[in-house]
Amino acid sequence: MKNRLKVLRAERDWSQAALGKKLDVSRQTINALETGKYDPSLPLAFKIARLFGMQIEEVFDDGESSTKSLH
């Protein structure tokens, strides 16, 4: 699943470790999310979206174009 996590994190000058700490996950988990090797659980996706003050769909893209037309 594509996501904007790396860009959002970079805009705030947060390291992967710092973001992981804020989300109670490891730096390795953040790396796996950013590289698309791991899709977050729904609770983690909500937590990430809340941290950045966004909707889940603004952070994660599941490839469904219909979600974009809702905005």
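The values are calculated or read from the model by the stated rules, or taken from the named source; none is laboratory data. Being a predicted model, the structure only gives us computed values, none of them experimental. With ideal geometry, Cβ positions are generated from the backbone for all residues, glycine too; neighbour counts draw on all protein chains shown.
Go through (1) more than 20 Å from A10 (Cβ to Cβ); (2) surrounded by 15 or more Cβ atoms within 10 Å (Cβ to Cβ) one by one and return the number of the condition D39 breaks.
Exception for D39: condition (2).
K68 is checked against (1) of a type outside the set (S, T, Y); (2) part of a helix (DSSP H, G or I); (3) modelled with pLDDT of 95 or more; (4) surrounded by fewer than 14 Cβ atoms within 10 Å (Cβ to Cβ) and fails just one. What number does that condition carry?
Exception for K68: condition (3).
Only one of (1) touching a strand residue (DSSP E or B) at 6+ places or on another chain (Cβ under 7 Å); (2) surrounded by fewer than 16 Cβ atoms within 10 Å (Cβ to Cβ) is not met by F60, so which one is it?
(2)
Going by what's in this entry, would L5 be described as in contact with an Asp or Glu (Cβ under 6 Å, 6 or more places away or on another chain) and under 20 Å from E57 (Cα atoms)? First the steps, then the outcome.
Details: in contact with an Asp or Glu (Cβ under 6 Å, 6 or more places away or on another chain): yes; under 20 Å from E57 (Cα atoms): yes.
Answer is yes for this residue.
The rows are residues; the columns are (1) in contact (Cβ under 8 Å) with a residue 24 or more places away in the chain; (2) touching a Leu at 6+ places or on another chain (Cβ under 8 Å); (3) part of a helix (DSSP H, G or I).
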position: K6; (1), (2), (3): yes, no, yes
position: A17; (1), (2), (3): no, no, yes
position: G20; (1), (2), (3): no, no, yes
position: G36; (1), (2), (3): yes, no, no
position: F46; (1), (2), (3): no, no, yes
position: E58; (1), (2), (3): yes, no, yes
